[in-house]
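Please read the structure below before turning to the comments.
Derivation of every value follows stated rules applied to the coordinates shown; laboratory data play no part. What you are looking at is a predicted structure, and each value in this text was computed from that prediction instead of being measured. So basically every Cβ, Gly included, is an ideal-geometry build from the backbone, and we count neighbours across all protein chains shown.
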């Protein structure tokens, strides 16, 4: 149980393109979803926390207008990287949890901006 | 603020035992989690300690001392497939804050 599906797993696109990443909890209700970014050989950095039906809470230094997060249902959250540039190339990982339960991670999305 | 410290790299021999330490400073603490991450993959949950003491799950054990703000992950009977990065993470009220990670290399 507790499966989190994230897609796409790999994206290559041109600079200036907007990219949407989906995160779904398949067999549980995710009251809270989290988005992380990980650069090579570095730790996971929390970008934002989203609760279903409310606005996401962004960590310091994360541009909310660039990284749009929507958590419209208890099983789906999306991260849209708007007008992506090469410096946005990274590994993006979502996780989801129900109240009182551990976080479960998706398989991640490797984003490469040319 | 929050900070976690782990050794950056550890090398150990197949079949041996290795301990990965984690010290933390945090304003809100519910427990300490450990995750394994292979290259190119997502983190996989290993263990969670909310209370002081040792938690054992097969070849993996995790220890927590809240008074010392310290924990460790113990891996026994090391296998080649255990080569990966290991992260400790402080569990807060509603999120996880990850340490810098320890790269474990298991050699024959």
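For the stretch B:9-89, relative contact order (Cα pairs under 8 Å, six or more residues apart, normalised by length) works out to 39 percent. Temperature 10 °C, viscosity 1.306 mPa s: under these conditions the Stokes-Einstein estimate for the stretch B:14-54, based on its Kirkwood radius over C-alpha pairs, is 125 µm² per second.
Here the stretch B:74-95 and the stretch A:53-114 have alpha carbon centers that stand 23 Å from each other.
Rounded to the nearest 5, what % of the DSSP beta bridges within the protein assembly as shown are antiparallel ones? It would help to have the intermediate numbers written out before the result.
Working: 73 of 82 bridges.
Around 90 percent antiparallel, to the nearest 5.
Working from Cα pairs under 8 Å separated by at least six residues, relative contact order for the stretch A:42-91 is 26 percent. Distances longer than 21 Å among the Cα atoms of chain A: what percent of all pairs is that? Value for chain A: 30 percent of Cα pairs lie more than 21 Å apart. Projected onto its three principal axes, the C-alpha set of chain B covers 42, 29, 19 Å, listed from the longest axis down.
If I take every Cα pair under 8 Å that is 6 or more residues apart in chain A, average their sequence separation and divide by the length, what percent do I get for the relative contact order?
On the way: 292 pairs, mean separation 42.5, N = 114.
Taking the mean separation of contacting Cα pairs over the length of chain A, I get 37 percent.
Between residue A:80 and residue B:107, the simple spin-label model (points 7 angstrom out along Cα→Cβ) gives 5.1 nm.
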